[in-house]
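These notes concern the structure reproduced below.
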Amino acid sequence: SIHDHAEFECRLALRPVHPTILKAMKRKKQGLGRVTEWKRRIGARPLEATGGMTVERTSGFLAAGADIISVVTDIALNVDSESRVTAWLDVTHCKERTT
């Protein structure tokens, strides 16, 4: 994960973009502006955004330049995790689904 400009050269995951409850984070949230900035800097290399991911926030992350979105609590802590997985597949436009 990337937390500052020095780590940028080694890592291509940006976290936390939003506050997360999965684990205690020493760093403040990065925000969508940082996603856009770092995607511009890395060009075609994939950029992962993680931390506070929700289905509702996905379009913003993708528009900001994230190529990969990592999600845990939005599925794991959802009362209907199976439906939430389906919502994630829909919002990320995954055509192939496993059963």
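Of the GluC sites (Glu not before Pro) found in the range 32-99, those in coil by DSSP whose Cβ has at most 10 other Cβ atoms within 10 Å are E96. Of the residues V79, V91, ranked by 1.4 Å probe accessible area with the largest first, the sequence reads V79, V91.
Quick one: net charge around D67, please, counting Lys, Arg +1 and Asp, Glu -1 for every other residue with C-beta under 10 Å from its C-beta.
Its environment carries a net charge of +1.
With 0.36 nm allotted per residue and the present C-alpha distance subtracted, the I68-E82 stretch has 3.0 nm of extension available. Each principal axis of the Cα atoms in the range 27-91 has its own extent, and those three values, largest first, are 38, 26, 16 angstrom.
FRET efficiency for the D90 to R45 pair, using the beta carbon distance and R₀ = 22 Å, is estimated at 0.25.
The values are calculated or read from the model by the stated rules, or taken from the named source; none is laboratory data. All of these numbers come straight from a predicted model, not from anything done at the bench. Here Cβ is always computed from backbone atoms with ideal geometry, including for glycine, and neighbour counts include all displayed protein chains. Note: areas computed on protein heavy atoms with side chains; ligands, DNA, RNA excluded. Shrake-Rupley method; radii C 1.70, N 1.55, O 1.52, S 1.80 Å.
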